[in-house]
Structures are given as structure tokens and as C-alpha cells.
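Here's the structure we're looking at; comments come further down.
Coordinate-derived values only; no laboratory data. Not measured: the values here are computed from a predicted model. Note that each Cβ is placed from the backbone with ideal geometry, even for glycine, and that neighbours are counted across all protein chains shown.
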Amino acid sequence: MKLKPLSDRVVIKMTEAEETTKSGIILTGSAKEKPQVAEVLAVGPGGVVDGKEVVMQVKVGDKVITSKYSGTEVKIDGEELIVVRQNDILAVVE
Amino acid sequence: MKLKPLSDRVVIKMTEAEETTKSGIILTGSAKEKPQVAEVLAVGPGGVVDGKEVVMQVKVGDKVITSKYSGTEVKIDGEELIVVRQNDILAVVE
Amino acid sequence: MKLKPLSDRVVIKMTEAEETTKSGIILTGSAKEKPQVAEVLAVGPGGVVDGKEVVMQVKVGDKVITSKYSGTEVKIDGEELIVVRQNDILAVVE
Amino acid sequence: MKLKPLSDRVVIKMTEAEETTKSGIILTGSAKEKPQVAEVLAVGPGGVVDGKEVVMQVKVGDKVITSKYSGTEVKIDGEELIVVRQNDILAVVE
Amino acid sequence: MKLKPLSDRVVIKMTEAEETTKSGIILTGSAKEKPQVAEVLAVGPGGVVDGKEVVMQVKVGDKVITSKYSGTEVKIDGEELIVVRQNDILAVVE
Amino acid sequence: MKLKPLSDRVVIKMTEAEETTKSGIILTGSAKEKPQVAEVLAVGPGGVVDGKEVVMQVKVGDKVITSKYSGTEVKIDGEELIVVRQNDILAVVE
Amino acid sequence: MKLKPLSDRVVIKMTEAEETTKSGIILTGSAKEKPQVAEVLAVGPGGVVDGKEVVMQVKVGDKVITSKYSGTEVKIDGEELIVVRQNDILAVVE
């Protein structure tokens with residue numbers, strides 16, 4: 001069972017472990033907007049969204065920084081996932 | 001008696017049973033936005049909505065994740081239905 | 001004396017009797033949005049509304065579900081009517 | 001002395017007498033939006049309003065239903081007038 | 001010293017004297033929007049404003065009705081002036 | 001060291017001295033919007049701003065009236081400057 | 001490990017030292033908007049953002065003034081970075 005996001009939506013999963021052990025990434029943020037590193041699990045087809053052509057710029061496997069509160073949380077088969085719009089993704093971590 | 005949604009609206013029905021028994025899907029969410037799995041019962045024709053061409057991307061029978069508060073509840077012939085805009089549907093569950 | 005709605009507006013009348021006796025339709029809704037079944041009494045000509053072409057999709061006699069608070073109530077010749085925009089009509093009941 | 005409204009504005013005057021004596025029209029409304037029957041006294045030229053072409057659909061002498069709070073009251077030569085945008089006029093009463 | 005308004009702005013001056021002596025105009029209004037008669041002292045060039053072509057419809061010397069709170073007050077050489085957008089001018093008084 | 005504003009932004013400096021001594025200009029305003037006379041120190045290139053072509057209409061040396069709260073204050077080399085968008089400039093004082 | 005911003009986003013780093021020692025720049029601001037000098041570390045590709053073509057006007061190494069609250073803070077490899085949209089950059093400091 002998996003999620004197939006519509007239009008410009010992206011399914012991501014927080015990578016909390018990496019955040020504290022591997023590379024020393026520490027994320028700060030105000031109470032209103034908590035940036036986090038996440039992995040992209042599924043990417044919508046893009047296309048015309050709200051009357052505007054949207055080209056998807058992230059791909060499955062990308063590590064991204066996004067804003068927690070703009071997405072919707074869902075738990076599938078034990079995994080906690082988040083569905084965000086691509087516009088809520090700030091940057092790709094390389 | 002059935003609902004025939006206008007423009008980009010979609011009639012869905014919550015599939016609560018499946019949520020806890022069959023596949024182990026557990027949905028979480030903030031108080032403001034409660035994601036839920038629902039089945040699509042009827043799909044509007046799409047077309048020009050607010051001056052923009054909208055192509056319907058879901059079909060009858062799809063299992064979808066949406067946001068509860070963006071739709072309107074209605075009870076017809078004993079069934080509790082929700083009318084949402086397609087844009088409120090986040091993803092299709094496969 | 002009758003109402004001739006402008007642009008994309010529609011004059012409807014609540015069909016409360018049918019709601020409880022004939023077909024068993026029971027309408028639920030949050031305090032913010034109360035869906036209701038209504039009959040269409042008059043339909044505006046559509047045309048360019050807010051700079052966008054609007055084609056009317058409902059006709060006189062249709063039973064529709066709409067949101068009570070988006071319309072304006074008016075009493076004419078003893079009948080309580082509501083003037084809504086077509087965009088406030090969610091679905092046609094068949 | 002008279003008012004010549006700009007763009008899509010319309011000058012109307014409430015017809016309170018008719019509201020209770022002649023045709024039995026009784027207007028109800030929530031505290032936020034009070035519908036009322038008014039007579040059109042002057043009509044703006046329409047044209048491009050906020051970048052969109054607006055064609056005037058009401059004419060002097062029309063009886064219209066509008067929303068009280070969207071207009072601006074002005075008293076000229078003893079008459080209480082209201083200046084509304086055409087978009088605030090819901091329907092013509094025939 | 002004088003003001004030369006930019007784009008679709010208009011410099012007006014309230015004509016309070018005329019309001020009570022000459023023609024018997026009495027202006028009423030809610031606390032949120034106080035209509036007033038004013039004289040046009042300077043008119044901006046119009047042109048493209050917020051991406052839309054605006055043609056100026058008032059000229060110096062016009063008596064206009066506008067909304068007090070949408071403009072900005074300024075005192076120059078002892079005169080109290082107000083800078084408004086043309087869109088805040090409701091009607092010309094003739 | 002100087003500021004080079006982006007797009008339709010303008011760097012201005014309040015001319016407080018002139019406000020009380022030379023020409024008798026006295027500026028009034030509500031608590032929400034304090035109009036002030038300022039001198040233009042630097043002008044952005046204009047161009048496409050938010051998808052719309054913007055042509056700069058002020059030049060270095062112009063005395064302008066603007067709204068204090070729409071800009072951002074910055075102190076450079078002892079000078080208190082303000083960065084505003086051209087759209088926040090109401091009029092040029094001549 | 002580095003950040004690669006999407007669309008019109010820019011990664012900046014506050015240059016606090018320079019703010020008080022080298023050139024005497026002192027930044028003031030209201031509680032809502034704190035302007036600050038920052039160095040540009042990475043620039044997104046621009047392109048179509050929200051349906052509008054955006055051309056990037058800043059480059060890596062630029063010193064810019066921006067608004068703190070419009071960006072998102074992130075700490076990578078010990079460096080505190082901020083991701084802003086180019087539109088939040090007010091001016092380049094030369």
C-alpha cells in the first residue's frame with residue numbers, strides 16, 4: 001500500500017536519525033515554522049495547478065528541507081508520512 | 001437518490017472500517033486538519049472553475065486522502081457523505 | 001412579483017418538508033456551514049463574472065445542496081427565498 | 001445637484017414605503033448582511049474596472065435587492081442615497 | 001509647493017464649508033466609512049497600475065465623494081490635503 | 001558603502017529639518033499611516049515585479065511623500081535610511 | 001553537505017561581525033521586521049514561480065539586506081543559515 005500524490009504534491013518522510021548522528025545537522029526554527037530534513041518518497045505528476053503549469057523539481061530519494069506545518073501527516077503501514085506541496089519545499093540537501 | 005457534484009467537486013464517503021482492521025492504516029493530524037481515507041462515490045465534470053480549466057484526476061472507486069474540514073457533510077439515504085473540491089484531495093491510496 | 005438574479009446568481013427555496021418525510025435525507029453540518037436541500041426558482045444569465053466567463057449549470061426546478069451562510073435571505077410575497085452564487089451550489093440531488 | 005457614479009458604481013435609494021404596504025415584501029437577513037429593496041437613481045459607465053471589462057446590467061428605475069453594508073451612504077438635498085458597486089446588487093425585482 | 005501624485009492617485013481637499021451652507025448636503029456614514037465631498041486639486045497620470053491600465057476619470061476642480069479612511073492626510077502650506085487612489089472615489093457631484 | 005535596491009524598491013531618507021523650518025510643511029496622519037516627506041537616494045531598476053512590468057517614476061533627488069510603516073529602516077554609515085516599494089510612494093512634492 | 005535552494009529561493013548567512021566592527025553599519029527595525037545584512041551562499045535557479053517568470057538578481061557572495069522573519073532558519077555543519085525568497089531581499093550593499 002502506497003500513496004500516489006495528486007498534482008504538485010510530494011510525499012516525504014522525516015529522517016530524524018540523520019539529524020543528530022551522521023552529519024551533525026541541527027535544525028532550528030521559530031514556533032511557527034519548524035524546518036526539517038525529510039526524504040522524498042513519492043512525487044505528484046505536476047501539470048496545471050491552480051491554472052499554472054508546475055514542473056516537479058524534486059525526485060524520489062531527495063533529501064529536502066521543508067516546513068512542517070504546511071503539510072498533512074498520515075500514517076501508512078506504520079510509517080509516518082507527510083504530504084506537502086512542492087512549493088513548501090525550500091531546498092534540497094546535497 | 002444520489003448526488004451529482006458541480007464543476008470540480010467530488011462526493012466521498014469515509015471508509016472507517018478499513019482504517020483500523022484491514023491494512024493497519026492509522027491516520028494522525030493536527031486539530032485543524034484531520035486527514036482521512038475515503039472512497040470516491042461521484043466526480044464532477046471539471047471544466048472551467050474560477051476561470052481556470054480543471055481536469056478531474058480521480059474516479060469513482062478511488063481511495064483518497066483528504067482534509068475533513070474543507071468539505072461539506074451531507075446525509076443521504078442513511079449514508080454520511082462529504083462533498084469536497086478535487087483540490088482538497090491530497091493523494092490516492094493504492 | 002419575482003426576482004431576476006444578476007450574473008451568476010441563483011434564487012433558491014429551501015425544501016424543508018422533503019427533508020424529513022419523503023426520502024429520508026438528513027443533513028448534518030458544522031456550525032459554520034449548514035448544507036441544505038433547496039429548489040432552484042430562478043437562474044441568472046451567467047456571462048462574464050469578475051472577468052471570467054461563467055456558464056450556468058443549474059436550471060429552474062433542480063434540487064440542489066448549498067451552503068446556507070453564503071447566500072442572502074429575502075422574503076417575497078410570503079416566500080422565504082435565498083440568493084446564492086452558482087459557485088456556492090455543491091451538487092444537484094437526483 | 002446629483003451624483004454621477006464612477007466606473008461600475010450605482011446610486012440607489014431605499015424604497016421603504018413599498019416594503020410594507022404595497023406588495024407585502026418582507027426582507028429578512030442576518031446581522032452581517034441586510035438585504036433591502038432599492039430603486040436605482042444613477043448608473044456608472046462601467047468599462048474597465050480593476051483590469052476587467054464590466055458591462056452595466058441595471059438601469060435607472062430598476063428595483064433591486066442589494067446588501068446594505070457594502071455601499072456608502074450619502075445625503076444630498078435631503079435624500080438619503082447609497083453608492084454601491086454593481087456586483088453588490090443581487091437581483092432585480094420585477 | 002504642490003503635490004504631484006503618482007500613477008492613479010488623486011489629491012483632494014475637503015470642502016467643509018459647502019457641506020453645511022450652500023446646498024444643504026449632509027453626509028452620513030458608519031464609523032468605518034465616512035463619505036465626504038471634496039475638491040480635486042491634482043490628478044496622477046494613470047497608466048499601468050498593478051499591471052492593469054488605469055484611465056483617470058476625474059479632473060482638477062471636480063467635486064467628488066470619497067471614503068476618508070482610504071486616503072493619506074498631508075498638510076502643505078497650511079492646507080490639509082488627502083491623497084487617495086482614483087478607485088476610492090465613488091462619484092462626482094454635479 | 002551604499003544600498004542598491006532590487007526591482008521596484010526605492011531608498012529614501014526623511015528630510016525632517018525641512019519639515020519644520022523652510023516651507024512650513026506639517027504632516028498629519030493616523031496612528032496607522034504616518035505620511036512623511038523624504039528624499040530619494042537610490043532607485044531600483046524596476047522591470048518585472050510579481051509578474052508585472054514596473055516602470056520607475058521617481059528619480060534620485062525627488063522629494064516624496066510616503067507611508068512610514070510600509071518600508072524597512074536601515075542605518076548605514078550613520079544615516080537612517082528607509083527601503084520602500086515605489087507603490088508606497090504617494091506623490092512627489094514640487 | 002550544502003543546500004541547493006528551489007526556484008526563487010536564496011540561502012543567506014548573517015554577517016554579524018561586520019555589523020558592529022568594520023563599517024559601522026547599525027541596523028534598526030520594528031519588532032515585526034528586523035532588517036539585517038547577510039551574505040548570499042546559494043541561489044536558486046529562478047524560472048517560473050507561481051506562474052510568473054522570475055530572473056534571479058543576486059549572486060553568491062553578495063551582501064544583502066533582507067527581512068529576518070520571512071525566511072526559514074536551518075543549521076548545517078555548524079553554520080546557521082536562512083532560506084529566503086528573492087523577493088524578501090530588499091537591497092544589495094556595495
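Data for the structure
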{"item": "When each of A:Lys13/B:Lys75; A:Lys13/G:Lys2; A:Lys4/A:Lys63; C:Lys75/D:Lys75 is checked by Cα-Cα distance, pairs over 30 Å", "result": "A:Lys13/B:Lys75"}
{"item": "Residues A:Lys63, E:Lys13, sorted so that the one with the fewest Cβ neighbours within 10 Å comes first", "result": "E:Lys13, A:Lys63"}
{"item": "Residue of chain E whose Cβ sits closest to the axis mapping E onto A, with distance in whole Å", "result": "E:Gly51, 8"}
{"item": "Scattering curve values for region B:31-94, log₁₀ I(q)/I(0), Debye with Cα scatterers, q = 0.12, 0.15, 0.21, 0.29 Å⁻¹", "result": "-0.31, -0.49, -0.93, -1.36"}
